[in-house]
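Any read-out appearing in this document is the output of simple, stated calculations on the displayed coordinates, not a laboratory observation. The shown structure was predicted, so the numbers you read here are calculated from the model rather than taken from an experiment. Heads up, the Cβs are rebuilt from the backbone with ideal geometry, glycines too, and the neighbour counts pull from every protein chain shown.
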Amino acid sequence: ARVKFYEDVQHNDIVVVNDSYPGPEIRVRRGDTVFVNVHNQGNDGFTIHWHGVKQPRNPWFDGPEFITQCPIQPGTNFTYKVVLSGEIGTLWWHAHSDWTRGSVRGAIVILPAQDETYPFPTPDTEQTIILGKHIF
């Protein structure tokens, strides 16, 4: 969806996910397979890339536009199958198409598998922070 983004006294329309910027955090466990249905309500086609996710034997859901898939056209949807393998920690997902990279993004928090512990001391608390440069 497009929303108005105010910076000082000027505003620009930006594309966001679920009416939020950044987009929703995805919390999963190591080894999970996640299905994410993306419904494009914007005006331009785009894809989603799962940054840092290896996707073994599943490259066609990796998201590079015109490399592993065509853009998700306005008014249509695409369900991604995200296969996690050895990843653990915090990664991120983002649009992989032109200017939508600047606003369509969010965190992927990958917890240890049910029978595992972190490979480092368990954190006392968690706070996800997404840093990025935007050009609207």
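Which of Trp93, Trp50, Trp60 ends up with the largest GNM mean-square fluctuation for the chain, with Cα atoms connected below 10 Å?
Trp60
Work the Kirkwood hydrodynamic radius out for the range 2-111: mean of 1/r over every pair of different alpha-carbon atoms, inverted, in Å.
14.5 Å
Please give the contour-minus-distance gain from Phe35 to Ala113: 0.36 nm per residue of separation, less the Cα-Cα distance, rounded to one decimal in nm.
26.3 nm
In the range 74-136, which trypsin sites (Lys or Arg not before Pro) are in a loop and have at most 13 other Cβ atoms within 10 Å, using DSSP for the loop call?
Answer in residue order: Lys133.
Taking R0 as 22 Å, what FRET efficiency do you get between Ile67 and Leu91 from their Cβ-Cβ distance, rounded to the nearest 0.05?
Computed FRET efficiency for Ile67 and Leu91: 0.65.
Going by amide H atoms built from the backbone, whose H comes under 5 Å of the H on Phe46, apart from near neighbours?
Answer set, sorted by chain and number: Ile72.
Hey, if you put +1 on the Cβ of every Lys and Arg and -1 on every Asp and Glu Cβ in the chain, which of Ala107, Gly52, Tyr80 ends up farthest toward the positive end of that dipole?
Working it through, the farthest residue towards the positive pole turns out to be Tyr80.
Normalising by the residue count of the chain, find the relative contact order in percent from Cα pairs under 8 Å and 6+ residues apart.
Over the chain, the number comes to 29 percent.
Tally Lys and Arg at +1 and Asp and Glu at -1 over the other residues with C-beta under 15 Å from the C-beta of Trp50: what net charge comes out?
+2
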